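What follows is a set of notes on a single structure, which appears directly below.
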Amino acid sequence: MSKKRLIFSTFIWLSLITCSSFAQKLKIKFGTSVYPPFVTLDKNQEPSGFDIELAKLICKNLSAECTFKNETFQQLTPSLTANKYDVWIGAITINKNYQRQELLFTKPYFFSTTKLIATKKNLFGGAPNEIKGKKIGILAETCYPELIRKTYGSSVTIKIYDSYEKLYRALQNGDCDAVMDDELVIRNWRSRQANRSTYRLIGLPAKYKNLVWHKFGIAVAKQHPELVKILNHAISKIKRTSNYKKLINNYLNQ
């Protein structure tokens, strides 16, 4: 995008917010995918959860009209670049070097950690010499293949699943020895299992602390950098409010 076009596009987006007397109301189409507790489906099969409620606060701050639709995570990049959605939210790790050259990210709206979950009958730890030869399940199109390679090299087998449901079903039926995922997602899944006491969380070695922490941002297609600026402004304001703290307590501190 040329500098002239970028300036013009930014002006158009900002005018939708600041000139409400004359401009059409800002409309934002959100894509997302199930990833509890960040994104779930309510009784009407509509997206809900921490990220969706945060997005609604953003929309309120921008006086925007927003819609939400649940898709598979694999549709993130193609649907954004094809303008099917304006943005995508759903605990997306900000990693500009990982297969997302077509995307931009907002500033972080939440920080979290990575852990492993396994059954208690598998008595291995997170150190490379203990986990060697194990099958590690991960969700497709995430940052975890890169993290596993940096942590364990080729000493483990990576098994990739294309949905949250399939990933944890694989853990249950023994198709993989452990799952690597966000700690809050793991804890949320375990808390909802009748046999929850048979599962244990495994921390990664302290030497890999810099890899364990990750930041979540909202993804936007590269052709809309002006939208990133608008969202960043709203995120900064919301994170300073009590509503943001309430969302964390309601959805994540359980």
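Name the one entry in K120, K134, K159 that is more than 30 Å from E53 (Cα to Cα), at pLDDT below 95 and surrounded by fewer than 21 Cβ atoms within 10 Å (Cβ to Cβ).
None of the others qualify; the one that does is K120.
Exactly one condition in (1) modelled with pLDDT of 95 or more; (2) in contact with a strand residue (DSSP E or B) (Cβ under 9 Å, 6 or more places away or on another chain); (3) not β-branched (V, I, T) is not met by S197; state its number.
The single condition S197 does not satisfy is (2).
So which residues in the range 70-105 are hydrophobic (A, V, I, L, M, F, W, C) and not in a helix (DSSP H, G or I), if there are any at all?
The answer is A82, V87, W88, I89, A91, I92, I94, L103, L104, F105.
Among residues belonging to the range 173-190 that are hydrophobic (A, V, I, L, M, F, W, C) and part of a helix (DSSP H, G or I), point out the one that is farthest from the chain's Cα centre (by Cα).
W189
How many residues are more than 21 Å from E183 (Cβ to Cβ), basic (K, R) and touching a strand residue (DSSP E or B) at 6+ places or on another chain (Cβ under 7 Å) if we restrict to the range 213-250?
So the answer is 1.
Within the set of pairs 6 or more residues apart or between chains, which connect a residue that is within 11 Å of K159 (Cα to Cα) inside the range 133-149 to a residue that is of a type in the set (D, E) and surrounded by 17 or more Cβ atoms within 10 Å (Cβ to Cβ) with Cβ atoms less than 6 Å apart?
If the second residue must be of a type in the set (D, E) and surrounded by 17 or more Cβ atoms within 10 Å (Cβ to Cβ), the pairs left are K134/D177; K135/D177.
I'm checking my understanding of the structure. Among residues of the range 145-154 that are surrounded by 13 or more Cβ atoms within 10 Å (Cβ to Cβ) and out of contact with any helix residue (DSSP H, G or I) (no Cβ under 6 Å at 6 or more places or on another chain), which one is nearest to G126 (Cα to Cα)?
Restricting to residues being surrounded by 13 or more Cβ atoms within 10 Å (Cβ to Cβ) and out of contact with any helix residue (DSSP H, G or I) (no Cβ under 6 Å at 6 or more places or on another chain), the top hit is I148.
Within the group T119, T151, T198, which residue is out of contact with any Ser or Thr (no Cβ under 8 Å at 6 or more places or on another chain) and among the β-branched types (V, I, T)?
Checking each option against the conditions leaves just T151.
Can you name the condition, by its number, that T142 falls short on among (1) crowded, with 20+ Cβ neighbours inside 10 Å; (2) within 20 Å of A206 (Cβ to Cβ); (3) under 17 Å from the mean Cα position of the chain (by Cα)?
Unmet condition: (2).
Taking the range 99-111, which residues are at pLDDT below 95 and touching a helix residue (DSSP H, G or I) at 6+ places or on another chain (Cβ under 6 Å)?
Of everything in the range 99-111, those that are at pLDDT below 95 and touching a helix residue (DSSP H, G or I) at 6+ places or on another chain (Cβ under 6 Å) turn out to be E102, L104.
Could you list, in sequence order, the residues of the range 40-56 that are under 15 Å from the mean Cα position of the chain (by Cα) and either at pLDDT below 95 or among the aromatic types (F, W, Y) (or both)?
Within the range 40-56, just F50 meets the criteria.
Which residue pairs have Cβ atoms closer than 7 Å, lie 6 or more positions apart in sequence or on different chains, and pair a first residue in the range 178-202 that is touching a residue at least 60 places away in the same chain (Cβ under 8 Å) with a second residue that is in a helix (DSSP H, G or I) and loosely packed, with under 13 Cβ neighbours inside 10 Å?
Listed pairs, sorted by first residue: R190/R196.
Considering only the range 199-228, state which residues are touching a Phe, Trp or Tyr at 6+ places or on another chain (Cβ under 8 Å) and either among the charged types (D, E, K, R) or loosely packed, with under 15 Cβ neighbours inside 10 Å (or both).
Residues satisfying the conditions are W213, K215, E226.
So if I check each of E71, E65, which one is farther than 18 Å from T106 by Cα, modelled with pLDDT of 95 or more and not assigned by TED's automatic domain parsing to the domain that holds S191?
Result: E65 is the single residue among E71, E65 that is farther than 18 Å from T106 by Cα, modelled with pLDDT of 95 or more and not assigned by TED's automatic domain parsing to the domain that holds S191.
In the range 49-69, which residues are crowded, with 19+ Cβ neighbours inside 10 Å and assigned to a strand (DSSP E or B)?
Listed by number, the list holds a single entry, F68.
The values are calculated or read from the model by the stated rules, or taken from the named source; none is laboratory data. In this text, all values refer to a predicted model and were calculated from it rather than measured experimentally. A quick note on method: Cβ atoms are made from the backbone with ideal geometry, for glycine too, and the neighbour counts reach across all protein chains shown.
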